[in-house]
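The values are calculated or read from the model by the stated rules, or taken from the named source; none is laboratory data. As the structure is a computational prediction, the values presented were derived from the model and not from experiment. We place every Cβ from the backbone using ideal geometry, glycine too, and count neighbours over all the protein chains shown. Note: areas computed on protein heavy atoms with side chains; ligands, DNA, RNA excluded. Shrake-Rupley method; radii C 1.70, N 1.55, O 1.52, S 1.80 Å.
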Amino acid sequence: MEKPQRLRSLPPYLFADLERRRRSLTAAGTEVLNLGIGDPDLPTPPHIVSAAASALRDSTTHRYPLGSGTPLLKRAIAEYHRRRHGIELDPDSEILVLIGSKEGIAHLPLVLVESGETVLVPDPGYPPYTSGSLLAGASVRKLPLTVGNSFCPDLEALEPSELAKAKLLFLNYPNNPTGALASRSFYEKVISWARAHRVWVAQDAAYSEVYFDREPEPFLRLPGAREVGVEFHSLSKTYQMTGWRVGWVCGNREIVERLAQLKDHCDSGVFGVLQEAARAALEGPQDCVEKMREVYRRRREVFLEGLRKLGWEVHASQATFYVWAKVPAARSSREGAEILLDRAQVLATPGVGFGLSGEGYLRFSLTNPEELLRAALERMGKLRW
Ligand code: MLT
């Protein structure tokens with residue numbers, strides 16, 4: 001039987017494809033150094049694990065969690081935003097707990113966009129912006145992020161006919177895959193543009209705590225941001241909790257309410273144990289977050305310096321644990337990734353997997369110990385391009 005069109009419209013999922021490739025090489029006895037997916041190697045801090053362990057022994061967590069998140073966790077999230085960003089959020093109407101931010105991102109177009117309308121998606125960009133939009137029957141207009149525009153989309157480049165159909169804009173700062181940050185003035189322009197053209201804004205802030213010199217500007221702190229949009233947050237990268245699947249969306253009440261309505265029909269909430277772990281993460285000691293930044297700062301220095309010594313052209317990221325580098329000898333990103341994998345057994349993500357503007361680039365993830373990064377550099381140093 002034929003697959004429905006909405007499923008056929010989806011490209012193979014970038015990281016699922018790479019993981020299949022890695023597994024088959026590993027099964028054949030090849031030691032692959034995996035700098036592909038951004039999946040922290042550091043363990044979840046012990047006080048978070050302990051909170052989960054004791055919540056697991058409390059049988060009240062074994063029942064359906066239902067609803068938009070426990071009041072305790074939503075209060076902890078509101079408090080986190082007050083403390084870190086100086087933002088006041090109403091836990092009841094402006095925060096919704098998600099099964100990881102990816103889940104909310106992929107569902108968002110279903111509640112904001114009619115089929116045939118357009119979603120504006122950064123290119124290169126995290127694949128679920130596009131797949132969620134296609135599943136909702138929307139058209140996707142890619143917005144190139146380039147060195148020339150400092151990896152912030154040029155909204156003025158949209159034609160009036162495109163603007164008329166645009167209903168949702170995805171942003172992602174700190175940016176995956178380029179490591180760029182957005183400025184306050186960029187967000188101010190986005191907010192007045194979104195108001196003028198009646199476009200919702202979804203700012204994916206999953207990497208908000210992974211930065212080096214300058215703290216990312218919180219979109220929601222700017223006047224008017226809450227009228228036009230929301231921010232997606234995740235515990236995955238801040239507290240090394242990718243496998244736990246807890247995140248949240250916050251900001252505009254109408255969007256929060258619509259997503260909550262959809263989720264009532266799709267899932268039964270986040271397991272209570274995980275919500276307690278998330279609360280422990282947000283309310284507990286925060287030195288683990290500074291330590292995490294220190295680890296990536298060091299790895300970034302090692303890797304950037306190593307690539308530069310090998311003659312690679314690299315973009316010095318301001319945040320995230322990714323390095324965005326030009327493939328040598330003007331090779332395409334798929335050729336570059338193939339050469340690295342076949343001849344050096346180093347797995348990197350081809351930039352074009354994030355969209356056509358990623359052509360000619362590779363993304364390296366620093367979620368590996370320093371020795372492994374050095375080993376990858378050594379293998380790469382033996383390649384002739
Ligand atoms: C990535 O490698 O881009 C991310 O780790 C994937 C994700 O967050 O789902």
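Here are a few things to note about the model shown:
- Against the conditions (1) in a loop (DSSP other than H, G, I, E, B); (2) touching a strand residue (DSSP E or B) at 6+ places or on another chain (Cβ under 7 Å); (3) open to solvent by 10 Å² or more (accessible area, probe 1.4 Å), residue 285 satisfies every one except (2).
- Within region 47-63, none of the residues are out of contact with any strand residue (DSSP E or B) (no Cβ under 7 Å at 6 or more places or on another chain), closer than 24 Å to residue 379 by Cα and either assigned by TED's automatic domain parsing to the domain that holds residue 266 or outside any helix (DSSP H, G or I) (or both).
- Among the residues of region 354-372, the ones that are crowded, with 24+ Cβ neighbours inside 10 Å and either part of a helix (DSSP H, G or I) or free of Cβ contacts under 8 Å to residues at least 40 places away in the same chain (or both) come to 2 in all.
- Subset tally (residues that are in contact with a Pro (Cβ under 8 Å, 6 or more places away or on another chain), closer than 24 Å to residue 382 by Cα and not in a loop (DSSP other than H, G, I, E, B)) for region 300-331: 2
- Lone qualifier among 232, 212 - being of a type in the set (Phe, Trp, Tyr) and out of contact with any strand residue (DSSP E or B) (no Cβ under 6 Å at 6 or more places or on another chain): 212
- Close Cβ contacts (under 6 Å, 6 or more residues apart or on different chains) running from residues in region 236-248 that are within 12 Å of the ligand (Cβ to nearest atom) to residues that are part of a strand (DSSP E or B) comprise 247/98; 247/233; 247/234.
- Comparison of 10, 66, 14 shows that the only residue that is within 24 Å of the chain's Cα centre (by Cα), at pLDDT below 95 and closer than 26 Å to residue 265 by Cβ is 10.
- Here residue 335 meets each of (1) within 16 Å of the ligand (Cβ to nearest atom); (2) free of Cβ contacts under 8 Å to residues at least 60 places away in the same chain with one exception, condition (1).
- For residue 293, the requirement of being within 16 Å of the ligand (Cβ to nearest atom), in contact (Cβ under 8 Å) with a residue 60 or more places away in the chain, part of a helix (DSSP H, G or I) and assigned by TED's automatic domain parsing to the domain that holds residue 23 is not met.
- Some residue of region 1-11 being within 16 Å of the ligand (Cβ to nearest atom) and either open to solvent by less than 20 Å² (accessible area, probe 1.4 Å) or in contact (Cβ under 8 Å) with a residue 60 or more places away in the chain (or both): yes
- For beta carbons closer than 6 Å, sequence separation of 6+ or different chains, a first residue in region 251-279 that is under 20 Å from residue 57 (Cα atoms) and a second that is hydroxyl-bearing (Ser, Thr, Tyr), the qualifying pairs are 272/61; 273/61; 275/70.
- Any hit, region 119-133, residues being among the aliphatic types (A, V, I, L, M) and under 17 Å from residue 259 (Cα atoms): yes
- Being open to solvent by less than 10 Å² (accessible area, probe 1.4 Å), of a type outside the set (Lys, Arg) and within 23 Å of residue 247 (Cβ to Cβ) holds for only one residue in 104, 86, 69, and it is 104.
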